[in-house]
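K.L.:
The structure's right below; bear with me while I get my questions together.
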Amino acid sequence: MMRTISRQQRRELGDFVRSLRERLHPADIGLPHGGRRRTPGLRREEAAQLCGLSVTWYTWLEQGREMSLSSAALSRLSGALRLGRAERAYLFELAATLDPDMDDQTTVAVPQSVMSCLDLIATPAYVLDRTWTARAWNPAAAHLFAGWLDGAKETNLLRFIFLTRSAKTLIRDHENRARRVVAEFRADVSAHLADPAIARLVNQLEASSADFRRYWDERLVLGRDGGQRTFRHPLDGLLTYEQVTFVPAGHPDLKLTMLVVSPP
């Protein structure tokens, strides 16, 4: 999906791509140095050839002209110029274009540092990816979330809330919590609604849950601010926590959520 970008964004995009080109040297990609060069790094013609793009298209990109910016072309450019994860994300954000490889990132492994944090946290804690599917959790979370993190097949938080019968019993004031979760999810994925993984999830939930469909159509948008969470656990009875969520540095698609025991 492509959105209209401002003149300032086009200029920043062009300057960013130029800086990427200038930091690459011919030897980095197996080209001869070619004697004295007037500009640092690669020439525009070399960068365009390396990316499999026309020199005119590449030149216009660096000049910040108004032009078509296909995701396929930007993907080739990302690979050829050896962009890191953050650089690639920044490139597609500037271009207001969906990264075609984003769908493969849902299966990215949870960093070992985050796994170590989970092992040290005594209260329920879990990690969600950008589709709000749990990728890792600790034993306390598995104990609390019967039907979700206790070995059940379904690990997506939204599917658990709307499609699992036990969720209505476990989550106190289920209706209001479910409506808020949908509003938080919409805010969280607002820039990625055309992302195939998110589009599939929303379509499946709309087809399977009248409640989700109604809340989604309300188009409420709320920040994921945490706050009090109350449960009716089948073994432990009434439980109240304060929810705290962090985004691990360098992993913007992951969320580490902890449920801290609420003071009396």
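K.L.:
Return the pairs, sorted by first residue and then second, in which the second residue is assigned to a helix (DSSP H, G or I) and open to solvent by less than 10 Å² (accessible area, probe 1.4 Å), the first residue lies in the stretch 179-199 and is closer than 20 Å to E93 by Cα and in contact (Cβ under 8 Å) with a residue 12 or more places away in the chain, the beta carbons are less than 7 Å apart, and the residues are 6+ apart or on different chains.
P.N.:
F185/L158; V189/I198; H192/I198
K.L.:
Select, from R214, R224, R180, the only residue that is closer than 25 Å to N138 by Cβ and either more than 15 Å from the chain's Cα centre (by Cα) or among the aliphatic types (A, V, I, L, M) (or both). Lay out the reasoning, then the answer.
P.N.:
Values: R214 fails: closer than 25 Å to N138 by Cβ; R224 fails: either more than 15 Å from the chain's Cα centre (by Cα) or among the aliphatic types (A, V, I, L, M) (or both).
Exactly one residue qualifies, and that residue is R180.
K.L.:
For the stretch 137-156, give me each residue that is part of a helix (DSSP H, G or I) and either buried (at least 18 other Cβ atoms within 10 Å of the Cβ) or touching a helix residue (DSSP H, G or I) at 6+ places or on another chain (Cβ under 9 Å) (or both).
P.N.:
Of the residues in the stretch 137-156, the ones part of a helix (DSSP H, G or I) are 139-144.
If the condition is that a residue be part of a helix (DSSP H, G or I) and either buried (at least 18 other Cβ atoms within 10 Å of the Cβ) or touching a helix residue (DSSP H, G or I) at 6+ places or on another chain (Cβ under 9 Å) (or both), then A140, A141, L144 are the ones that fit.
K.L.:
Just the residues that are modelled with pLDDT under 90 and either out of contact with any His (no Cβ under 8 Å at 6 or more places or on another chain) or under 14 Å from T97 (Cα atoms) (or both), please, taken from the stretch 34-46. Write out each step before concluding.
P.N.:
Going residue by residue through the stretch 34-46, those that are modelled with pLDDT under 90 are 34-43, 46.
Hits for the stretch 34-46 are G34, G35, R36, R37, R38, T39, P40, R43, E46.
K.L.:
Follow-up. Which one of A89, A96 is open to solvent by 40 Å² or more (accessible area, probe 1.4 Å) and modelled with pLDDT under 85? Quick ask: steps written out before the conclusion?
P.N.:
On the way: A96 fails: open to solvent by 40 Å² or more (accessible area, probe 1.4 Å).
Among A89, A96, only A89 is open to solvent by 40 Å² or more (accessible area, probe 1.4 Å) and modelled with pLDDT under 85.
K.L.:
Let me ask something else about it. Of the residues in the stretch 57-86, how many are open to solvent by 20 Å² or more (accessible area, probe 1.4 Å), at pLDDT 85 or above, part of a helix (DSSP H, G or I) and not aliphatic (A, V, I, L, M)?
P.N.:
Count: 8.
K.L.:
For the stretch 113-136, which positions are of a type in the set (G, A, S), over 18 Å from R224 (Cβ atoms) and open to solvent by less than 20 Å² (accessible area, probe 1.4 Å)?
P.N.:
The answer is A136, and nothing else.
The values are calculated or read from the model by the stated rules, or taken from the named source; none is laboratory data. The model shown is predicted, which means the values in this text are computed figures rather than measured ones. Reconstructed Cβ throughout: ideal geometry from the backbone, glycine too, with neighbour counts over all protein chains shown. The protein model used for the area step is the full one, side chains on, heavy atoms only, and it has no ligands, DNA or RNA in it. Shrake-Rupley method; radii C 1.70, N 1.55, O 1.52, S 1.80 Å.
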